[in-house]
Every structure is written in structure tokens, then in C-alpha cells.
Amino acid sequence: MKLETERLQLKEIGESNVEDILKIRSNEIINQFVQRNSPKNNYDALQFILTIKENTRNNQTFYWGISLKDQPNLIGTICLWNFSEDRKVAEVGYELLPDYHRKGMMSEALSAVLNFGFNDLHLQEIVAMTNKFNENSKNLLLKHEFVLEDGREDEGFPENLVFSLKK
């Protein structure tokens with residue numbers, strides 16, 4: 001499932017992306033805002049890719065690698081996952097290598113994924129959790145008309161804020 005924007009390709013992640021996934025998911029700047037077990041080596045990155053591929057096959061997630069149109073390497077990822085039982089609500093998650101921050105690229109990718117979520121998957125709501133100190137992410141969500149859900153918590157992640165966008 002490929003999506004395209006003016007500058008970007010959003011494409012399936014495969015085994016050939018091991019080094020890109022390792023670079024993205026072990027990046028210290030990205031990880032200061034994300035609580036996760038980062039891959040330590042290519043094997044860990046491959047295991048992550050295989051898990052994503054399985055979850056995609058089972059319709060548990062839609063997961064794209066983000067690359068510039070003229071480049072094979074991934075510069076980030078974006079996904080829809082954590083679907084509600086009735087498949088009307090999903091969570092969006094994203095990450096982008098710091099060299100590409102503040103250039104409108106994640107905004108392009110997010111627009112494409114929101115369009116896909118609302119128009120192709122017929123979602124009624126898309127939620128996003130972001131660290132309360134991640135100003136770039138908060139600004140991105142507000143730019144795309146997400147609303148901060150005061151009082152709503154990201155269970156187990158007290159540093160996160162919850163945003164939502166309804167169709």
C-alpha cells in the first residue's frame with residue numbers, strides 16, 4: 001500500500017530496510033520523546049520489521065516507511081495502529097530523522113495518512129499520543145486540527161498528551 005505526496009513516498013517496509021529502521025528507531029533525539037526498546041543491532045531491527053509485516057498482514061496496523069521520492073533510504077515512519085474493536089478509531093504514530101525536522105515533511109506524510117484513514121478506512125476518529133515536551137509534534141498535530149484532550153490519559157505513559165481528530 002503506497003501513498004505519495006509532493007515530495008515523499010510512503011511505502012511498505014521490508015527486510016531491505018533493516019539499516020534504515022535501526023538508524024531511525026535508535027536515534028537518541030527521537031527516543032528522548034518515545035518510551036520503547038530501541039533496536040541495538042540489525043537483528044533487532046529485522047525482528048521489528050518482521051513483526052510489522054505480520055501485524056500488517058493481520059490488518060492490525062498500516063505501517064509506512066517515509067522516503068524522499070528520488071531516494072531509496074527511509075527518513076522516517078508513520079502508521080495507523082491500535083484500532084478500536086469496531087475499527088472506527090485508530091492511533092497515528094510517526095517518527096522522522098532529525099535532519100528532516102521542520103521542513104514540512106511529516107506534515108505532508110500525516111496529511112496523506114489522515115486522508116487514507118478517514119476516506120479509505122472510514123475511521124471516525126484518529127488519536128495521537130505525544131510527549132508533553134515534544135513541541136514539534138504538538139505543533140504538527142495542532143496544525144492538522146487535532147484537539148488536545150484535557151483529562152484523557154495515555155495509560156502507562158504519564159508524560160504523554162492525548163490529541164484527537166474527528167471526521
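The values are calculated or read from the model by the stated rules, or taken from the named source; none is laboratory data. On a predicted model such as this, the values are computed, not experimentally measured, just so you know. Note: ideal-geometry Cβ built from the backbone for every residue, glycine included; neighbour counts use all protein chains shown. Protein only, heavy atoms only, side chains kept; ligands, DNA and RNA dropped before computing areas. Shrake-Rupley method; radii C 1.70, N 1.55, O 1.52, S 1.80 Å.
Worth pointing out:
- Carbon plus sulfur fraction of accessible area for region 31-165, probe 1.4 Å, in percent: 47
- Between K53 and E12, the modelled labels are 0.9 nm apart [label points 7 Å from Cα along Cα→Cβ].
- GNM flexibility winner over the chain from T56, T130, T77 (Cα, springs under 10 Å): T56
- For region 2-54: rounded, prolate or oblate by the Cα gyration tensor [a/c cutoff 1.5]: oblate
- In the context of the full set of protein chains, residues of the chain present 57 Å² of accessible surface per residue (probe radius 1.4 Å, heavy atoms only).
- Put a dot 7 Å past the Cα of L121, heading toward its Cβ, do the same for L142, and the two dots end up 2.6 nm apart.
- Computed about its Cα centre, the charge dipole of the chain is approximately 260 debye, with only Lys, Arg, Asp and Glu carrying charge at their Cβ.
- Rounded to 0.05, the FRET efficiency of the K2 and E135 pair, given R0 = 30 Å and the Cβ-Cβ distance, is 0.45.
- Using the Cβ-Cβ distance between S84 and N41 with R0 set to 41 Å, the FRET efficiency works out to roughly 0.70.
- For the chain, a Gaussian network of Cα nodes joined below 10 Å ranks E12, E95, E153 by mean-square fluctuation, and the top entry is E153.
- Overall form of region 33-124 per C-alpha gyration tensor (a/c, 1.5; a/b vs b/c): oblate
- Only one residue of N31, V18, N131 has its Cα farthest out toward the positive end of the dipole of the chain, where Lys and Arg carry +1 and Asp and Glu -1 on Cβ, and that residue is V18.
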